[in-house]
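Everything on this sheet refers to the single structure shown next.
The values are calculated or read from the model by the stated rules, or taken from the named source; none is laboratory data. As the structure is a prediction and not an experimental result, all values here were calculated from the model. Here Cβ is always computed from backbone atoms with ideal geometry, including for glycine, and neighbour counts include all displayed protein chains.
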Amino acid sequence: MNVLVINAGSSSIKYQVIRMPSERVLCTGSVERIGFKDAALHYETDTVKKKSILEIQNHKTGFQKIAEFLLDPEIGVIKDTGEIEVVGHRVVHGGNSFSDTTLITKEVKERIKELSVLAPLHNPLNLEGILLAENIFPEAKQIAVFDTAFHQSLPLKAKKYALPDEFYSKYGIQVYGFHGTSHKYVSEKAIDYLQNTKARIISLHLGNGCSMTAIKNGQSLDHSLGFTPSNGLIMGSRSGDIDHSIIFYLVDTLGYTLADIDRMLIKKSGMLGLTGYSDLRDIQAAAEKGDTDCQLALEMNAYRIKKYIGAYAAALNGLDAIVFTAGIGEHSSLIRKMVCTQMEYLGIQLDNAKNESRSDSIFEINTDSSQVKILVIPTNEELEIAKQAFEIVKNR
């Protein structure tokens, strides 16, 4: 069967049509820089490779453009919408309602909408993708794969906040974790590569949204994002960790409203707030030209990651490998270098020449004498989503 995978991020949409169970990719592509005048639409098959630069103001327009390519009489991979039998959707926040891949029903959509308050940059877009897909591909089964599912294995000591107990037991306020589909995929690839099912791994998913996971025995044991995908590392427009008292200071002393602060911390902070740019490629280019704000932002970004590596190495009682993945992790040799420099104490030694190399598959960038493997593993959330969606439909 043909599975269309939709992976909507805060500023992008990735998509693939995958023939299952052979896992043959019929087409792949993405819409990047949504909301900008120079958004990029990519579409690729075995015989066609297209890139269009155009203004895509919102995700709805992005979804419509994707559908146009899939159905194009000359370069499309389907002749009519009925050829898509399953649509697998990445959904960021499942709360405690969803611990596994789920067939989408009216009740599921309602719950995803309710959980949007916990993932305001993502769940509304994920739900929009579901609704659009239902209209465009009405015969297909719609399947939700939740980012939070992989982190169900977090031990209580890692997922519970030091708040009065009722906030956990009654209201479900806890660490949920995110990017779980990506962390699951690359950690399984790393385990196979290392030939060690008990490997102690730190997975770094670095993109416009960023997170890190401490993994042992193939299970998530700690994670940098929490109740919502807002804390932890410095991200494209999200602040990451801050002192929560800053919020009260902004309200009580500077006169900000809570809505203003929420919008500022999620959409106007992070690398955007530090530099005026949210795309790391723009920041690196400006830093190379001497922009001191961009140079400092890169240093802050790498420094935060290094602190988490140290914490997770302690939590794992050692370290066998660190894994870089996602847009920044896979493509920014500069960030990898800044993160892995002066980490010899933990047995991490970067090979600068290897770090500048590129590959479409897993590759090492550590020195031969490094005690810790440094791996770059291209994530494939879309394939992971297709596999899980196919299993749900196959077994019904």
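Among the residues making up the stretch 76-85, those that are surrounded by 14 or more Cβ atoms within 10 Å (Cβ to Cβ) and out of contact with any Phe, Trp or Tyr (no Cβ under 7 Å at 6 or more places or on another chain) are VAL77, ILE78, GLU83, GLU85.
Of all residues in the stretch 351-370, one or more are touching a Pro at 6+ places or on another chain (Cβ under 9 Å), under 20 Å from SER182 (Cα atoms) and touching a residue at least 24 places away in the same chain (Cβ under 8 Å). Within the stretch 100-137, the residues that satisfy the criterion of being surrounded by fewer than 13 Cβ atoms within 10 Å (Cβ to Cβ) and polar (S, T, N, Q) are THR105, ASN135. Within this structure, TYR176 fails the test of being within 26 Å of SER278 (Cα to Cα), hydroxyl-bearing (Ser, Thr, Tyr) and surrounded by fewer than 20 Cβ atoms within 10 Å (Cβ to Cβ).
Hey, any hits in the stretch 10-23 for a residue that's out of contact with any strand residue (DSSP E or B) (no Cβ under 6 Å at 6 or more places or on another chain), part of a loop (DSSP other than H, G, I, E, B) and surrounded by 18 or more Cβ atoms within 10 Å (Cβ to Cβ)? Within the stretch 10-23, one or more residues are out of contact with any strand residue (DSSP E or B) (no Cβ under 6 Å at 6 or more places or on another chain), part of a loop (DSSP other than H, G, I, E, B) and surrounded by 18 or more Cβ atoms within 10 Å (Cβ to Cβ).
For (1) touching a residue at least 40 places away in the same chain (Cβ under 8 Å); (2) within 18 Å of PRO138 (Cβ to Cβ), each residue gets a yes or a no:
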position	(1), (2)
ILE6	yes, yes
ILE18	yes, no
LYS51	no, no
THR61	no, no
ASP72	no, no
VAL77	yes, no
THR81	yes, yes
ILE84	yes, yes
GLY95	yes, no
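The requirement of being at pLDDT 90 or above and buried (at least 19 other Cβ atoms within 10 Å of the Cβ) is not satisfied by HIS93.
If you go through the stretch 259-310 and keep only what is among the small types (Gly, Ala, Ser) and surrounded by fewer than 17 Cβ atoms within 10 Å (Cβ to Cβ), you end up with ALA259, GLY276, ALA285, GLY290, GLY310. Tallying residues that are touching a Ser or Thr at 6+ places or on another chain (Cβ under 8 Å), free of Cβ contacts under 8 Å to residues at least 60 places away in the same chain and surrounded by 18 or more Cβ atoms within 10 Å (Cβ to Cβ) within the stretch 311-348 yields 2.
If you filter the stretch 378-396 down to residues that are in a loop (DSSP other than H, G, I, E, B) and within 14 Å of the chain's Cα centre (by Cα), you find that the one that is surrounded by the most Cβ atoms within 10 Å (Cβ to Cβ) is THR379. Residue selection: VAL77 satisfies the criterion of being over 25 Å from the mean Cα position of the chain (by Cα) and at pLDDT 90 or above.
Among the residues of the stretch 26-49, those identified as in contact (Cβ under 8 Å) with a residue 40 or more places away in the chain and assigned to a strand (DSSP E or B) are LEU26, CYS27, THR28, GLY29.
Selection of helices (runs of 4 or more DSSP H) fully inside the stretch 100-207 by the criterion of at least 3 residues being farther than 22 Å from ILE385 by Cα, out of contact with any strand residue (DSSP E or B) (no Cβ under 6 Å at 6 or more places or on another chain) and of a type outside the set (Asp, Glu) returns 156-159, 166-169.
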